[in-house]
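Trainee: Attaching a single structure in structure tokens format; questions to follow.
Just so it is clear, none of the values below were taken in a lab; they were calculated from the coordinates. These numbers come from a predicted model, not from an experiment. Backbone-built Cβ (ideal geometry, glycine too); neighbour counts: all protein chains shown.
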């Protein structure tokens, strides 16, 4: 779309937060004219965005522990006045799907380690930009923890995104001995497996990082980055088995480019039929990973649909 002079001015004014009515008065155009123009601009931008597909972010965070006073080693129930230092974000690692670079940031050089605002700004920007996130237990931990720190630091919520949690896939479709990332990546992944702590095992790694040990911070970075790499590979292994993933095809403008959850293009072939209580659809299977999808057209005739009876519930 080639914009005239007033079009450019209207876009600039909308970027400053002015309403369509206000913009119309400022440039001498009616509100309906402004709304029609912006509708075309938004449709054009959406078309461009869809052509490139969804922005899929894999990420993982590490947090500092809550430091407090306890009376014993077992069955602790701390009251608020027993907390000495609250938790905060220590580090994060993130990676765009199908890109090589793993982004990382931590608090090792922070003058005040408990002030994690600069660290949060980086991961907030990525979440605000993405369409879909992939995590391991991120629905219960990572995203909620970040939201807590965002709001406590006076930040606005990032743009909404779809969320794929590999822990949920594992629990829903499999009976692994353990659903932990370490167990699943060790048994399923070939290239990347969750890192085991090297010199600083268990909680010692967090303790040494809090004490400013740069060697421990180096190990934390390796640990955090590898979590993201192994998680992406784990997703690729689990995705063909999942039945409730986002439909990636709606993010692409080209109707002839059919995308699978594994990232392959135009690999679906007909594979029988999918039956519901009232409909029949063609079923398709990806030749690369085995994931199945179905068509949207009900193959039953109207006469046949009219004769169907339903269960009484």
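Trainee: What is the extension gain from residue 109 to residue 276, computed as 0.36 nm multiplied by their sequence separation minus the C-alpha to C-alpha distance, in nm to one decimal? Could the numbers behind the result be given before it?
Mentor: On the way: separation 167, 0.36 × 167 = 60.12 nm, distance 5.79 nm.
Taking 0.36 nm per residue and subtracting the Cα distance, the gain is 54.3 nm.
Trainee: Which of 115, 130 has the fewest other C-beta atoms within 10 Å, and how do the rest follow up to the most?
Mentor: Numbers: 115 13, 130 22.
If I rank by nearby Cβ atoms, fewest first, I get 115, 130.
Trainee: Okay, next question. Computed from the mean reciprocal separation of all distinct C-alpha pairs, what Kirkwood hydrodynamic radius does region 247-307 have, in Å?
Mentor: On the way: mean 1/r = 0.0782 Å⁻¹.
For region 247-307, inverting the mean 1/r across all distinct Cα pairs yields 12.8 Å.
Trainee: Could you give the nm distance between label points at residue 266 and residue 292, where each point is 7 Å from its Cα heading toward the beta carbon?
Mentor: 2.5 nm
Trainee: What is the Cα radius of gyration of region 122-277 over 2.2 N^0.38 Å, N being its residue count?
Mentor: Values: Rg = 18.7 Å, N = 156, 2.2 N^0.38 = 15.0 Å.
For region 122-277, the normalised Cα radius of gyration is 1.25.
Trainee: Which of 159, 79, 279 moves the most in a Gaussian network model of the chain with Cα springs under 10 Å?
Mentor: In the Gaussian network model the winner is 79.
Trainee: I need the P(r) histogram for region 56-204: all alpha carbon pairs, bin width 5 Å from 0 out to the longest distance, whole percents.
Mentor: Histogramming region 56-204 at 5 Å steps yields 2, 8, 14, 19, 19, 17, 13, 7, 2, 0 percent.
Trainee: Ordered by packing density, taken as the mean number of other Cβ atoms within 10 Å over each peptide's residues, highest first, how do 184-194, 228-238, 205-215 rank? Could you put the intermediate results ahead of the total?
Mentor: Values: 184-194: 17.0, 228-238: 21.5, 205-215: 15.2.
Per-residue Cβ counts within 10 Å, averaged per peptide and sorted highest first, yield 228-238, 184-194, 205-215.
Trainee: To continue, here is another question. If you average the C-alpha positions of region 194-225 and of region 66-80 separately, how far apart do those two centres end up, in angstrom?
Mentor: Value for the Cα centre distance between the two parts: 24 Å.
Trainee: Can you give the FRET efficiency to the nearest 0.05 for residue 218 and residue 129, using r as the Cβ-Cβ distance and R₀ = 41 Å?
Mentor: Numbers: r = 28 Å, r/R0 = 0.69.
My answer for the efficiency is 0.90.
Trainee: A follow-up question, please. Counting helices only, and only those DSSP H runs with n ≥ 4, report the 222 nm mean residue ellipticity of the chain as the sum of -39,500 (n - 2.57) divided by its residues, in deg cm²/dmol to the nearest 500. Walk me through the numbers before you get to the answer.
Mentor: Details: 10 runs with 119 residues, N = 313.
After summing the helix terms and dividing by residue count, I get -12000 deg cm²/dmol.
Trainee: Hey, another quick one. Over the chain, what relative contact order in percent results from Cα pairs under 8 Å that are six or more residues apart?
Mentor: Working: 435 pairs, mean separation 44.1, N = 313.
Relative CO of the chain lands at 14 percent.
Trainee: Which FRET efficiency value, to the nearest 0.05, do you get for residue 255 and residue 313 by plugging their Cβ-Cβ distance into 1/(1 + (r/R0)^6) with R0 = 41 Å? Don't jump to the answer; show the numbers that get you there.
Mentor: Details: r = 38 Å, r/R0 = 0.92.
Once the sixth-power term is evaluated, E becomes 0.60.
Trainee: Which of these, 198, 288, 136, has the largest mean-square fluctuation under a Gaussian network model of the chain (Cα springs below 10 Å)?
Mentor: 198
Trainee: Show me the ranking of peptides 23-31, 247-255 by mean Cβ neighbours inside 10 Å, starting with the highest.
Mentor: Details: 23-31: 15.1, 247-255: 13.6.
Taking the mean over residues of other Cβ atoms within 10 Å, the ranking is 23-31, 247-255.
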